[in-house]
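No value in this document is a laboratory result; all are computed from the given coordinates. Just so it is clear, the model here is predicted, and its values are computed rather than measured. Please note: Cβ atoms are built from the backbone with ideal geometry, for glycine as well, and neighbour counts cover all protein chains shown.
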Amino acid sequence: MDKYGIIGFPLEHTFSPQIHNPAFEKLRIDASYDTILINPEFFDREILKLKASDYKGFNITIPYKQKIIRYIDEVDPLAQKINAVNTIVKKGEKWVGYNTDPYGFIMPIAETVKTLRSVLVIGAGGAAHAVCFSLLQYSNIKLLTIINRSMDKAKALKEKFKQLYNIKVEAGSLHFKSNKHFDLIVNTTNVGMGSLIDKNPFHIAENHHPKSIVYDLIYNPAQTLFLKEAVERDLAVLNGLEMLIGQAMKSFQIWTGEVYPKKILNREIFYRKG
Ligand code: NAP
């Protein structure tokens, strides 16, 4: 039996085994996917053990998407650009790293993204990096504003993107004040989940128009305070579940060479866990 798993800390809210195991079953692939909780204190030791193990592939989640890179033998160019890996496949004795988050992020907005002109990204961590890189592939987007608690990180992303792409990029803090109305507003921070469940990273009050789309990468809870505020303003909203499924589909394909059987997923099951 081929073994796959997700490496992270904490992992109690992960939905990934519920996405991959039914697909292995459906396609009659003799494989299993489990959770591999690694305490940050023992990260290096545990990763070395996994490198010597018979696991065929992994997903990597918070807080290790960057830290894992030094253990990877070959990093795919997109993952290199984002400087984060969320998928590893074992090829021979080598670990090859990819990042499937950009694919997952775009999947649920694949048509709409072609019509966007302005985007506000909240956060400047690994997920923000993946989100911005995905968006910058679309030349219709003329303005990208990145705001973050630590301004220096937002500024660093701005400088990086300004050098690579010919569009207007702005950076600001979470106290950002502007009269601009963005077509897409994305929360890429973890504010709204876990111990920050009762917090909202940013009030969109002044920065939307009636057709703005408000997208939160968080999928647990299904509706964060950030999305609740958007719903109250009658805006189109999207949580991170479809992105999670999209990135998983791509990882599945990298590991097995098979197309993920998307129809098997009943979205309801994810929220029965509570
Ligand atoms: P990360 O690299 O650790 O970045 C975390 C971001 O959140 C940073 O911008 C950080 O700001 C901000 N932040 C953290 N605590 C904050 C607080 N108390 N107040 C204000 N800002 C705060 O993490 P990541 O990998 O980017 O992941 C971020 C989120 O995206 C997580 O919720 C994760 O679950 C979600 N995600 C979802 C998917 C999906 O498939 N749906 C995929 C990837 C990630 P500073 O820079 O100031 O610390």
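Annotations for the structure displayed:
- In the chain, the longest principal axis of the Cα atoms and the axis of helix 241-256 are about 30 degrees apart.
- Per-residue ellipticity at 222 nm computed for the chain from its helices equals -8500 deg cm²/dmol, with DSSP H segments shorter than 4 residues left out and the rest contributing -39,500 (n - 2.57).
- Ranking Y215, A156, W255 by how far each Cα lies toward the positive end of the dipole of the chain (charges on Cβ) leaves A156 at the top.
- Taking every C-alpha pair closer than 8 Å and separated by at least 6 residues, the mean separation divided by the residue count of the chain gives a relative contact order of 16 percent.
- Proxy reagent accessibility, fewest Cβ within 10 Å first, across S32, S212, S139: S139, S32, S212
- Surrounding net charge for G104, when Lys and Arg each add one and Asp and Glu each subtract one, Cβ distance under 11 Å: -1
- Within the shell defined by Cβ-Cβ distances under 15 Å, the residues around N39 carry a net charge of -1, with Lys and Arg each +1 and Asp and Glu each -1.
- Shown in residue order for region 219-230 are the 3J(HN,Hα) couplings computed by the Karplus curve 6.51 cos²θ - 1.76 cosθ + 1.60 at θ = phi - 60°: 10, 9, x, 5, 10, 7, 4, 4, 6, 4, 4, 5 Hz (x for Gly and Pro).
- Proximal charge balance of N140 [Cβ under 11 Å; K/R count +1, D/E count -1]: +2
- Part-to-part distance (alpha-carbon centres) for region 32-96 and region 199-274, which is given in Å: 25
- Between helix 151-164 and the chain: long-axis angle, C-alpha atoms, 0 to 90°, nearest 10: 80
- Helix 16-26 vs. the chain, principal-axis angle (Cα, 0 to 90°, nearest 10): 50
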